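Undergrad: One structure follows; several queries about it will come next.
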Amino acid sequence: MLRHLLALTLIAATTNATAQVPPYPGSFYTQEIATNGATIHTRIGGKGPAVVLLHGYGETGDMWSPLAAELMHDHLVIVPDLRGLGLSSKPKSGFDKKSQAEDIAGVLDRLGITEADLVTHDIGNMVGFAFAMKYSDRVRRFVLIDAPVPGVGPWEEILDNPLLWHFRFGGPDMERLVKGRERIYLDRFWNEFSADPKRFDEASRRHYARLYALPGAMHSGFEQFHAFDQDAIDNRAWLAANGKLKMPVLAIGGEKSFYHTMAVVMRAGASDVTEGVVPGSGHWIMEENPAATVKLVSDFLRKTP
């Protein structure tokens with residue numbers, strides 16, 4: 001715990017001294033929520049029905065600030081950092097998505113929230129899907145953005161894509177190779193998975209590279225991917241036993257990334273799916289076209305019964 005608090009203090013001081021991602025509105029506050037063997041760094045703001053925003057790899061909950069600023073007008077916005085990433089604690093295990101769904105349930109329980117909308121991106125999709133399976137009665141609507149879900153739809157075909165080599169990259173030797181070179185490693189993703197690398201600006205790159213250089217962060221990131229095989233087993237078993245998710249789902253793909261494939265994936269896992277596309281964007285939707293992303297998500301949350 002002491003190491004975690006020292007890391008929080010160090011990164012806060014470093015971030016305040018240099019350029020960073022767009023900040024959250026001043027009315028937001030943060031809370032460190034201990035649950036399920038981890039401490040989850042959580043941003044909270046706004047008032048109204050709850051919405052949970054879950055980030056993915058290469059970013060943290062900081063990515064959501066433009067969307068949070070819009071939704072706070074009529075939602076209570078809750079933005080955790082996933083376990084092991086950002087300013088959340090760095091446990092050695094628990095990176096299968098069923099366990100991380102319990103993290104999110106614990107955050108909501110601590111805040112006294114019984115149900116919420118979910119908006120997720122990248123690995124956040126996988127945690128959100130596990131949460132929606134296990135706690136379907138707590139999810140009103142579900143937005144998934146530009147990443148597959150293990151074991152759902154064309155998962156095996158997606159795994160064959162050479163651009164996704166990093167799904168199998170991990171272990172002690174890989175951690176040693178990347179240590180001190182986190183920015184080099186992450187730049188590969190920010191460049192290759194964007195329609196225009198310049199849209200993922202230098203301030204954001206420095207900000208996230210610092211966070212992923214924190215002790216235990218790269219190990220945690222590799223473990224997120226390492227858990228995919230178990231996640232696929234868990235998802236297939238749940239769908240076979242229970243059928244597709246029933247809540248309204250919006251499946252959004254970046255035009256230059258997953259595009260229509262997001263809807264294909266989610267129609268294999270949910271029965272009420274609407275498709276959305278972020279024009280001109282690759283994978284990094286909040287950096288490449290935040291205005292279109294915010295409109296797609298907010299319109300869905302506000303118009304869907």
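Undergrad: Just one of Asp299, Asp201, Asp196 is of a type in the set (Asp, Glu), out of contact with any Phe, Trp or Tyr (no Cβ under 8 Å at 6 or more places or on another chain) and under 25 Å from His73 (Cβ atoms); which is it?
TA: Of the residues listed, the single one that is of a type in the set (Asp, Glu), out of contact with any Phe, Trp or Tyr (no Cβ under 8 Å at 6 or more places or on another chain) and under 25 Å from His73 (Cβ atoms) is Asp299.
Undergrad: Working only within the range 34-60, note down all residues that are in a strand (DSSP E or B), polar (S, T, N, Q) and surrounded by fewer than 20 Cβ atoms within 10 Å (Cβ to Cβ).
TA: Listed by number, the list holds a single entry, Thr35.
Undergrad: Would you mind listing the helices (runs of 4 or more DSSP H) fully within the range 74-189 where at least 1 residues are of a type in the set (Lys, Arg), closer than 24 Å to Gly216 by Cα and in contact with a helix residue (DSSP H, G or I) (Cβ under 6 Å, 6 or more places away or on another chain)?
TA: Helices (runs of 4 or more DSSP H) meeting the threshold: 97-110.
A quick yes/no check of all residues on (1) touching a helix residue (DSSP H, G or I) at 6+ places or on another chain (Cβ under 7 Å); (2) within 14 Å of Phe129 (Cβ to Cβ):
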{"site": "Ala232", "(1), (2)": "yes, yes"}
{"site": "Val249", "(1), (2)": "yes, yes"}
{"site": "Lys256", "(1), (2)": "no, no"}
{"site": "Ala270", "(1), (2)": "no, yes"}
{"site": "Glu288", "(1), (2)": "yes, no"}
{"site": "Ala292", "(1), (2)": "no, no"}
{"site": "Phe300", "(1), (2)": "no, no"}
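Undergrad: Can you name every one of the helices (runs of 4 or more DSSP H) wholly within the range 241-305 that holds 3 or more residues which are more than 18 Å from Val152 (Cβ to Cβ)?
TA: 285-288, 290-303
Undergrad: Among the residues of the range 190-232, count how many are in contact with a strand residue (DSSP E or B) (Cβ under 9 Å, 6 or more places away or on another chain) and either of a type in the set (A, V, I, L, M) or over 17 Å from Gly56 (Cβ atoms) (or both).
TA: The qualifying residues number 1.
Undergrad: Cβ-Cβ below 8 Å, separation at least six or inter-chain, first residue in the range 217-240 and without any contact (Cβ under 8 Å) to a residue 24 or more places away in the chain, second outside any helix (DSSP H, G or I): which pairs?
TA: Once the first residue is without any contact (Cβ under 8 Å) to a residue 24 or more places away in the chain and sits in the range 217-240, no partner that is outside any helix (DSSP H, G or I) comes close enough.
Undergrad: Could you check the range 288-305 and list, in sequence order, the residues that are in contact with a Lys or Arg (Cβ under 9 Å, 6 or more places away or on another chain) and closer than 11 Å to Gly254 by Cβ?
TA: Across the range 288-305, the qualifying residues are Glu288, Asn289.
Undergrad: Pairs under 9 Å by beta carbon, first residue in contact (Cβ under 8 Å) with a residue 40 or more places away in the chain and surrounded by 19 or more Cβ atoms within 10 Å (Cβ to Cβ) in the range 76-102, partner of a type in the set (Asp, Glu) and assigned to a loop (DSSP other than H, G, I, E, B), six or more apart or different chains?
TA: The qualifying pairs are Leu85/Glu59; Gly86/Glu59; Leu87/Asp81; Ser88/Asp81.
Coordinate-derived values only; no laboratory data. Source: prediction; values computed, not measured. Positions of Cβ are generated from backbone atoms using ideal geometry, with glycine treated the same way; all protein chains shown enter the neighbour counts.
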